[in-house]
Amino acid sequence: MKSPLLSLPGAVPAEGPDQGVAAHYGDLFREQRELAAGRAFTDLSHRGVITVTGPDRLAWLHLLLTQHVSELPPQQAVEALVLSPNGHVEHALYLVDDGTTSWAHVEPGTQGELLAYLERMKFMYRVELADATEQYALVHLPAGHTAAATGAAAVRELPWGRELFLPRAELAERAARFGSPAGIWAYEALRVEAHRPRLGFETDHRTIPHEVDWLRTAVHLNKGCYRGQETVARVHNLGRPPRRLVFLHLDGTEEVLPGHGTEVRLASDPDGRAVGFVTSSARHHELGPIALALVKRNTPVEAELRAGPVPATQEVVVEP
């Protein structure tokens, strides 16, 4: 889905998973500062949108997701995961219910696979599923932004701002009321700073929720059975996830920003075996170059690291 906001002055298209929206509009750090100050917005219209309707929707979703949603109050935003039978993360949903419809946005291009799985699990439940990506587009307004959510089909209120599901046909018109745009690079820099994981970036085929801090935000530990729950409970009780998410302060004297998948090694043994890999990296307007990485659980928390050729110091996100 190519956003109409790519026609705005200075817009540079993003590549990879975020293609379809702007990477930036010509001034990355100004856009970050404006977004952090609550004076800008970010176009997230490339993300997939799904809806679930029907009287059984919340009870049915409760059986399938890691989150407790059977009694989810209207307008309360939650995160939830779909796990494999072995407890590995397959999908991440960012959900809100408006009293008649459950709205969720997901990673770009993943909605088809997710809907196919959900369709197989309908059985006799009174639910209807739809891919609403062509009809609705997501926009992020940061905390403190004063624009009204007029015209939004649904709104997710979050500690760091609001996510608006807007009619896609009205995206350009309504975005003009939100102030200056900030590209996805600015949004991602603030996400990395806040240690928020992202499917396909902080996850691979064997990621479990404990490793990336989703146990805190997207998993309810006191709910009924769901696929993958046995792994969640076992690892939680043992307290030994095989890997852990860390936040990296990267050496700003290096021109190279290590990309996704860059191997992480101990600085004391730069030619040794890798202890992990970079999951996301960004240039932050205050912190300089930063990154998230997945490292082996037993990597010493005080150890200095190297992300490829770049020296890095770590902050603990998930306790070992």
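Confirm whether Ser45 is buried (at least 19 other Cβ atoms within 10 Å of the Cβ) and either in contact (Cβ under 8 Å) with a residue 12 or more places away in the chain or outside the structural domain of Ala148 (by the TED database) (or both). Judged against the criteria, Ser45 is a match. The number of residues in the range 205-224 that are part of a loop (DSSP other than H, G, I, E, B) and either touching a Pro at 6+ places or on another chain (Cβ under 8 Å) or touching a residue at least 24 places away in the same chain (Cβ under 8 Å) (or both) comes to 11. Across the range 151-176, the number of residues qualifying as basic (Lys, Arg) and within 18 Å of Arg39 (Cβ to Cβ) comes to 2. Pairing residues of the range 243-256 that are in the same structural domain as Gly288 (by the TED database) with residues that are acidic (Asp, Glu) and exposed (fewer than 15 other Cβ atoms within 10 Å of the Cβ), at Cβ distances under 7 Å and at least 6 apart in sequence or on separate chains, gives Val246/Glu315; Phe247/Glu315. Take the residues in the range 292-305 that are under 12 Å from Val264 (Cβ atoms) and surrounded by fewer than 22 Cβ atoms within 10 Å (Cβ to Cβ), then tell me which one is nearest to the chain's Cα centre (by Cα). Here the residue is Lys296.
Give the residue that is most open to solvent (accessible area, probe 1.4 Å), with candidates limited to residues of the range 19-42 that are over 21 Å from Leu287 (Cβ atoms) and under 20 Å from the mean Cα position of the chain (by Cα). Can you show your working first?
Step one: list which residues in the range 19-42 are over 21 Å from Leu287 (Cβ atoms), which gives 19-22, 25-26, 41.
Those left that are additionally under 20 Å from the mean Cα position of the chain (by Cα): 19-22, 41.
Values: Gln19: 121, Gly20: 15, Val21: 0, Ala22: 3, Phe41: 4 Å².
That would be Gln19.
Count of the range 48-70 residues, restricted to those that are closer than 30 Å to Val12 by Cα and surrounded by fewer than 21 Cβ atoms within 10 Å (Cβ to Cβ), is 0. Look at (1) at pLDDT below 95; (2) exposed (fewer than 15 other Cβ atoms within 10 Å of the Cβ) and you find that Lys223 fails only one, number (2).
For the range 7-26, enumerate the residues that are outside any strand (DSSP E or B) and among the β-branched types (Val, Ile, Thr). Walk me through how you get there before you give the answer.
So in the range 7-26, the residues outside any strand (DSSP E or B) come out as 7-11, 14-21, 25-26.
Once the filter is applied, which keeps residues that are outside any strand (DSSP E or B) and among the β-branched types (Val, Ile, Thr), the range 7-26 yields only Val21.
Just one of the listed residues (Pro241, Pro289) is in contact with a helix residue (DSSP H, G or I) (Cβ under 7 Å, 6 or more places away or on another chain) and either buried (at least 18 other Cβ atoms within 10 Å of the Cβ) or of a type in the set (S, T, N, Q) (or both), and it is Pro241. I'm checking my understanding of the structure. Among residues of the range 101-133 that are of a type in the set (D, E, K, R) and within 15 Å of Thr53 (Cα to Cα), which one is most open to solvent (accessible area, probe 1.4 Å)? Checking each candidate, the answer is Arg126.
Could you figure out which of (1) touching a residue at least 60 places away in the same chain (Cβ under 8 Å); (2) over 22 Å from the mean Cα position of the chain (by Cα); (3) on the phi > 0 side of the Ramachandran plot isn't true of Glu128? The single condition Glu128 does not satisfy is (3).
Scanning the range 134-162 for residues that are crowded, with 18+ Cβ neighbours inside 10 Å, touching a residue at least 60 places away in the same chain (Cβ under 8 Å) and of a type in the set (D, E, K, R) yields one hit, Arg156.
The values are calculated or read from the model by the stated rules, or taken from the named source; none is laboratory data. Given the structure is predicted, the values throughout are model-derived calculations rather than measurements. Cβ coordinates were reconstructed from backbone atoms using ideal geometry, including for glycine residues, and neighbour counts include every protein chain displayed. Protein only, heavy atoms only, side chains kept; ligands, DNA and RNA dropped before computing areas. Shrake-Rupley method; radii C 1.70, N 1.55, O 1.52, S 1.80 Å.
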